[in-house]
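Worksheet for the structure shown next.
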Amino acid sequence: MTPQKPFSRIVSTVPPSGIRKFFDLAQSMQGVISLGVGEPDFPTPWSAREAAIHALEHGATTYTSNSGLLELREAVCTDLADRYGVHYRPEDECLVTSGVSEGLDLTLRALLNPGDEVIVPEPCYVAYAPCVAFAGGVPVPVALDPADAYRLDPAIIGAAVTERTKAVLFGSPSNPTGSAQSATDLAALAALAVEHDLWLVSDEIYDRLTYHGVHTPVAAAPGAWERTVTLGGFSKSYAMTGWRVGYVCAPGPLAALMHRIHQYTMLCAPHMSQVAALEAMRTAQDDVEEMVADYDRRRRLFAKGLDELGLTCPEPGGAFYVFPSIRTTGMSSQDFAEGLLEREKVAVVPGDVFGPSGEGHVRCSYATSLPQLEQALERIARFVA
């Protein structure tokens, strides 16, 4: 074979997604109860699907503005203002993206210079550190304390700040732990960001899926707005994962740089998907409330069931995940997940794929029916016994 110059060192050193590995294994087996992939088991609300069908029938198959449909951006900005008192201009501070994943990528590429450090509290979503690396930055993992409900303790974050630190990247409610950060801790984090001139990149895709009070966005904290990027979308709350619509809101100068990357790469989110997302915001709030109520019932049942099996599992405050400890079994996270899948056909995700501090835990999604969750508990009970 003719010698070739090497591929990208950065991309080559990033491992494949640990979530997809177990999802693919589960897909190849019969009779598996999958608690692996974080995807709602509800269909997209009918009003949104109907709007997309109508849009297709009337030719909505073209590009939209690079920024996305103005009506959708206006709806997003109005919603954030009404629910949280956080104000963005739809014209130049809100960008519709192909899912939150693209929004995260745009944010980091617009923010970072080579060698800039980004503090990544973990356990965290598997894409955070790789996306920092892809943008030329250096992810700095910081372990949060499970005994303290995975709080974003400003003292822990502050201890990791160096002269090269550019940003803190986190999600609330969190994937994989389900932890939802308090207004007090977010205000302290904002004060830390002001003190050290840091950006806050806040993944709030699960903002509507909260069970203890109302979600608090970090952009609402004193002094935070001008140094915060808010990432949100429709995949989780509106059961629209496959439609690929998200948004990013940020101060105008940074939003303009994200727009510049977006127009050269993705161009725009799918036209008919944007129409569906707009209709969901207008008419599907009852559907969202019903889904959240159902998730809440599942959350309480499943967390309690795991706890009773000796797999310590506090009730999460948001999202649709539990992150039980499996240390009492004496197994590693990988061995537990592989053994449970092979012997009992229940797919979970080993905790170490969410960062080293996730070792000793597994992530289970309760975005599946109550009967399936009850059966999964029976199978897990046999396995741990």
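The table below lists the values:
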| quantity | calculated |
| --- | --- |
| Using θ = phi - 60° and Karplus 6.51 cos²θ - 1.76 cosθ + 1.60, couplings along segment 135-150 (whole Hz; Gly, Pro as x) | 7, x, x, 10, x, 10, x, 10, 7, 8, 8, x, 5, 10, 6, 6 |
| Nearest-10 value in Å² for the accessible area of Phe42, using the 1.4 Å probe | 50 |
| With DNA, RNA and ligands ignored, accessible area of Ile261 (1.4 Å probe; Å², nearest 10) | 40 |
| Estimated [θ] at 222 nm from DSSP helical runs (n ≥ 4, -39500 (n - 2.57)) normalised by residues in the chain, nearest 500 | -13000 deg cm²/dmol |
| Pairs of Lys in the chain closer than 28 Å at Cα, counting only those 8 or more apart or on different chains | 6 |
| Between segment 195-242 and segment 1-69, the Cα center-to-center distance that results, in Å | 22 |
| Three-way shape call for segment 1-116 based on the alpha-carbon gyration tensor, with the a/c threshold at 1.5 | oblate |
| Nearest-10 value in Å² for the accessible area of Cys131, using the 1.4 Å probe | 20 |
| For segment 252-385: rounded, prolate or oblate by the Cα gyration tensor [a/c cutoff 1.5] | prolate |
| Carbon and sulfur %, accessible surface of segment 162-263 computed with the full protein complex present, 1.4 Å | 55 |
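The values are calculated or read from the model by the stated rules, or taken from the named source; none is laboratory data. For clarity, every value in this text was computed on a predicted model and none was experimentally measured. Calculation scope for accessible area: heavy atoms of the full protein, side chains included, ligands and nucleic acids excluded. Shrake-Rupley method; radii C 1.70, N 1.55, O 1.52, S 1.80 Å.
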